[in-house]
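The values are calculated or read from the model by the stated rules, or taken from the named source; none is laboratory data. All values reported here derive from a predicted model rather than from experimental measurement. Note that we place each Cβ from the backbone using ideal geometry, even for glycine, and neighbour counts take in every protein chain shown.
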Amino acid sequence: MQTLVTGGKGFIGSHLIERLLNDGHEVVCLDLEEASNRNIECFLHNEGFVLVNRNIVSPFSVRNIKDILRDYEIDIVFHLAGLADIVPSIQNPTEYFATNVIGTLNILEAAREYGKLQKFIYTSSSSIYGIPEFFEIPTSEEIPIKPQYPYAETKYQGERWVSHYGQIYKLPTISLRLFNVYGPRSRTTGTYGAVFGTFLAQKINGKPFTVVGDGRQSRDFTFVTDVCDAFVRAAESKISGEVFNVGSGKPQTILRLVELLGGDIIHIPKRPGEPDKTCADILKIKNTLGWTPKVSFEEGVKIMLDNIDYWRNAPVWTPNSIWEATKDWFEFLGGKEGK
Ligand code: UDP
């Protein structure tokens with residue numbers, strides 16, 4: 001396959017590129033010029049790999065992306081480019097809208113004009129479910145969508161546009177709703193978020209793990225190579241117009257994570273708008289695409305520890321710096337208690 005991976009310099013994108021190249025596919029990576037090449041440096045001399053530095057939200061994006069699709073005769077687009085994280089999405093909603101919604105629309109539009117795409121895979125997020133009621137756990141694709149903050153809202157709007165291009169223009173699409181992806185090369189810079197990067201940097205620096213609340217909350221942590229396998233299966237399948245959860249289906253508590261990582265803990269306040277538990281219902285993807293997660297939580301955490309050096313220069317968060325970084329989170333999502 002000739003593939004285009006948008007956001008290929010990022011955490012999940014770089015793993016997907018590795019998987020596609022290993023499977024013998026050709027990969028064009030589309031990302032921002034200013035984004036670091038750290039994650040893709042090892043592919044730069046690979047014959048099957050091309051890097052194209054382009055923005056997906058400029059007045060020329062549709063034309064530029066259409067040229068890329070045509071010049072490289074792309075069969076499959078994996079659209080992973082986007083802005084993540086909660087706090088900056090509260091601070092800059094228009095930027096999130098531009099990148100996550102208009103950026104997605106630009107690629108869809110380029111794909112429509114190109115007319116030869118076999119599949120468009122969209123990276124959606126489990127955050128669009130908001131805070132599911134306890135009877136909605138495990139969470140199937142059918143439950144009502146209730147985004148709690150701009151990031152989640154923009155991921156959902158992107159998903160809706162993907163679906164419309166499927167219905168109206170008959171573009172074959174699949175959206176994958178990812179649950180807490182973790183693995184080597186998860187982001188080390190920028191704003192506070194994603195528990196694995198936070199904890200690993202704390203561990204390297206001998207600082208206590210900043211456990212939110214009592215640490216009994218749980219997340220459906222999903223290992224990145226399993227996620228890449230879901231992307232590949234989605235691309236190869238004849239099915240289109242569907243959304244699938246991608247999760248392990250086995251939530252793990254933060255205390256269990258701490259136990260596996262080993263180290264002291266310090267508690268920080270529970271944050272508003274966060275579910276106590278996330279758990280994907282993965283029946284649909286199992287039955288339809290034949291996908292199952294392979295990497296257990298214990299194996300996944302061990303791989304993280306084996307690669308801990310990657311986080312050596314990552315920011316080390318402390319209760320104080322977390323308090324500073326999450327002020328807007330408490331203020332805007334906290335209702336009265338947040339004030
Ligand atoms: N978490 C934590 N300490 C931190 C950061 C996160 O205990 O410093 C917990 C958080 O309460 C949540 C889990 O780790 O239950 C995953 O948090 P993350 O921000 O990675 O993902 P999300 O909450 O968006 O699912």
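Based on this model, can you work out whether K250 counts as among the charged types (D, E, K, R) and either more than 24 Å from V232 (Cβ to Cβ) or at pLDDT below 95 (or both)?
no
Can you name the condition, by its number, that T210 falls short on among (1) in contact with a strand residue (DSSP E or B) (Cβ under 6 Å, 6 or more places away or on another chain); (2) more than 7 Å from the ligand (Cβ to nearest atom)?
(2)
Just give me the residues in the stretch 20-41 being surrounded by 17 or more Cβ atoms within 10 Å (Cβ to Cβ) and under 21 Å from Y310 (Cα atoms), in sequence order.
Hits for the stretch 20-41 are N39, I40.
If you go through the stretch 232-258 one residue at a time, how many are within 28 Å of E133 (Cα to Cα) and of a type outside the set (S, T, Y)?
Result for the stretch 232-258: 16.
Across the stretch 114-154, what is the total count of residues that are in a helix (DSSP H, G or I) and under 20 Å from I285 (Cα atoms)?
Let us first name the residues in the stretch 114-154 that are in a helix (DSSP H, G or I), namely 114, 126-129, 134-136, 150-154.
Retained after the next criterion (residues that are under 20 Å from I285 (Cα atoms)): 126-129, 136.
The total comes to 5.
Within the stretch 164-186, how many residues turn out to be in a helix (DSSP H, G or I) and farther than 19 Å from I56 by Cβ?
Residues meeting the conditions: 3.
Of the residues R219, R185, which single one is within 14 Å of the ligand (Cβ to nearest atom) and under 25 Å from F231 (Cβ atoms)?
Values: R185 fails: within 14 Å of the ligand (Cβ to nearest atom).
Sole residue among the options that is within 14 Å of the ligand (Cβ to nearest atom) and under 25 Å from F231 (Cβ atoms): R219.
Filter the stretch 206-223 down to the residues that are in contact (Cβ under 8 Å) with a residue 60 or more places away in the chain and in contact with a Phe, Trp or Tyr (Cβ under 7 Å, 6 or more places away or on another chain), then identify the one that is surrounded by the fewest Cβ atoms within 10 Å (Cβ to Cβ).
The qualifying residue surrounded by the fewest Cβ atoms within 10 Å (Cβ to Cβ) is T210.
Residues I254, I285: which one is in contact with a strand residue (DSSP E or B) (Cβ under 6 Å, 6 or more places away or on another chain), buried (at least 17 other Cβ atoms within 10 Å of the Cβ), over 28 Å from E331 (Cα atoms) and β-branched (V, I, T)?
Result: I285 is the single residue among I254, I285 that is in contact with a strand residue (DSSP E or B) (Cβ under 6 Å, 6 or more places away or on another chain), buried (at least 17 other Cβ atoms within 10 Å of the Cβ), over 28 Å from E331 (Cα atoms) and β-branched (V, I, T).
How about the stretch 278-339: which helices (runs of 4 or more DSSP H) wholly inside it have at least 1 residues that are of a type outside the set (K, R) and under 24 Å from H267 (Cβ atoms)?
On the way: elements: 283-289, 297-306, 319-325, 327-333, 335-338.
Qualifying helices (runs of 4 or more DSSP H): 297-306, 319-325, 327-333, 335-338.
Mind listing whichever residues of the stretch 300-318 are within 11 Å of T189 (Cα to Cα) and within 16 Å of the ligand (Cβ to nearest atom)?
Selection gives W311, A314, P315, V316.
Select from the stretch 42-101 the residues that are touching a strand residue (DSSP E or B) at 6+ places or on another chain (Cβ under 8 Å) and farther than 23 Å from A235 by Cβ and write down the one among them that is surrounded by the most Cβ atoms within 10 Å (Cβ to Cβ). Walk me through it before giving the result.
Residues of the stretch 42-101 touching a strand residue (DSSP E or B) at 6+ places or on another chain (Cβ under 8 Å): 43-44, 48-54, 56, 65, 68-69, 72-82.
So of that shortlist, the ones also farther than 23 Å from A235 by Cβ come out as 44, 53.
Numbers: L44: 11, N53: 13.
Here the answer is N53.
Count, please, the residues in the stretch 236-251 that happen to be at negative phi, assigned to a loop (DSSP other than H, G, I, E, B) and surrounded by fewer than 18 Cβ atoms within 10 Å (Cβ to Cβ).
Step one: list which residues in the stretch 236-251 are at negative phi, which gives 236-240, 242-248, 250-251.
Going one step further and asking which of them are assigned to a loop (DSSP other than H, G, I, E, B), we end up with 237-240, 247-248, 250-251.
Checking which are surrounded by fewer than 18 Cβ atoms within 10 Å (Cβ to Cβ) leaves us with 237-240, 250.
Selection size over the stretch 236-251: 5.
Determine which member of the set V224, V211 is within 22 Å of G334 (Cβ to Cβ), in contact with a His (Cβ under 7 Å, 6 or more places away or on another chain) and modelled with pLDDT of 95 or more.
V211
What residue, among those in the stretch 257-277 that are part of a loop (DSSP other than H, G, I, E, B) and more than 9 Å from the ligand (Cβ to nearest atom), is surrounded by the fewest Cβ atoms within 10 Å (Cβ to Cβ)?
Here the residue is G262.
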